[in-house]
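Quick notes on the structure that follows.
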Amino acid sequence: MSEIGLRERKKQRMYQVVSDIAIRLFLEKGFDAVSVAEVAAAAEISKPTLFRYFPAKEDLVLYRFADHEDEAARVVSGAASPIGALLRHFLEGLERHDPVTGLNDAPEVLAFHSLLYGTPSLVARMYGYQERAEAALAEALGGGLDARLAAGQIVAVQRILALENWRRIAAGERLPDVRADAVAAAERAFGLLAAGLPHLA
């Protein structure tokens with residue numbers, strides 16, 4: 001393996017390890033009760049080193065979304081029907097209970113989502129993530145105002161569907177009961193997108 005490849009793997013491992021340690025501490029004590037210095041100490045790195053990897057405390061949590069940021073853009077790349085491709089991708093995510101769809105009842109996933117949606121600074125920081133996801137999708141859809149408008153609608157639909165699934169499961173509903181509604185809601189929502197954005201259907 002090349003030196004560059006090895007260095008990149010080490011870097012990615014560091015991101016993962018530090019993020020996992022931070023999330024464990026946040027779940028145990030609460031996001032606001034844990035300092036960056038505590039996370040750095042637990043990860044056995046210096047505070048400046050931690051900030052080289054994670055510019056803001058919130059990024060320690062949102063790193064888990066890093067590989068999803070350009071996911072929609074990748075899905076529509078080369079697709080004859082971008083909305084159809086995104087619907088299939090979302091339904092496949094529901095089928096495998098991908099946490100990003102909200103349809104997952106694993107205790108650690110529910111705890112993570114409670115941390116995320118229950119911490120105002122994390123919710124605010126997520127806005128930047130959504131903006132970047134929209135920008136990547138808009139670029140994949142051809143760029144320009146129409147593409148940005150479409151991307152904004154698509155990302156909002158995905159976020160709202162996932163949030164509804166998580167809320168229902170967090171409220172105590174059984175995953176199999178939520179799943180049928182989640183599939184129907186996704187088909188309905190993407191159908192509305194297709195009707196409103198026929199050039200992408």
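The values are calculated or read from the model by the stated rules, or taken from the named source; none is laboratory data. Quantities reported herein were computed from a predicted structural model and do not represent experimental measurements. So basically every Cβ, Gly included, is an ideal-geometry build from the backbone, and we count neighbours across all protein chains shown. Heavy atoms of the whole protein, side chains included, go into the accessibility calculation; ligands, DNA and RNA do not. Shrake-Rupley method; radii C 1.70, N 1.55, O 1.52, S 1.80 Å.
Within the range 132-140, none of the residues are outside any helix (DSSP H, G or I) and modelled with pLDDT of 95 or more. Residue 94 falls short of the stated requirement of being open to solvent by 20 Å² or more (accessible area, probe 1.4 Å), in a helix (DSSP H, G or I), in contact with a helix residue (DSSP H, G or I) (Cβ under 6 Å, 6 or more places away or on another chain) and closer than 25 Å to residue 151 by Cα.
Close contacts from the range 161-189, counting a first residue that is among the basic types (Lys, Arg) and a second that is open to solvent by 30 Å² or more (accessible area, probe 1.4 Å), with Cβ to Cβ under 7 Å and a gap of 6+ residues or different chains, come to none at all. In the range 25-36, the residues that are outside any helix (DSSP H, G or I) reach residues that are at pLDDT 95 or above with C-beta atoms within less than 7 angstrom, at least six apart or across chains, in these pairs: 34/25; 34/26. Tell me, yes or no, whether the range 142-149 has at least one residue that is open to solvent by less than 60 Å² (accessible area, probe 1.4 Å), touching a helix residue (DSSP H, G or I) at 6+ places or on another chain (Cβ under 7 Å) and either touching a residue at least 40 places away in the same chain (Cβ under 8 Å) or more than 30 Å from residue 58 (Cα to Cα) (or both). Looking through the range 142-149, none of the residues is open to solvent by less than 60 Å² (accessible area, probe 1.4 Å), touching a helix residue (DSSP H, G or I) at 6+ places or on another chain (Cβ under 7 Å) and either touching a residue at least 40 places away in the same chain (Cβ under 8 Å) or more than 30 Å from residue 58 (Cα to Cα) (or both). Name the one entry in 22, 40 that is surrounded by 14 or more Cβ atoms within 10 Å (Cβ to Cβ), in contact with a Ser or Thr (Cβ under 7 Å, 6 or more places away or on another chain) and either of a type in the set (Asp, Glu) or assigned to a helix (DSSP H, G or I) (or both). The unique qualifying residue is 40.
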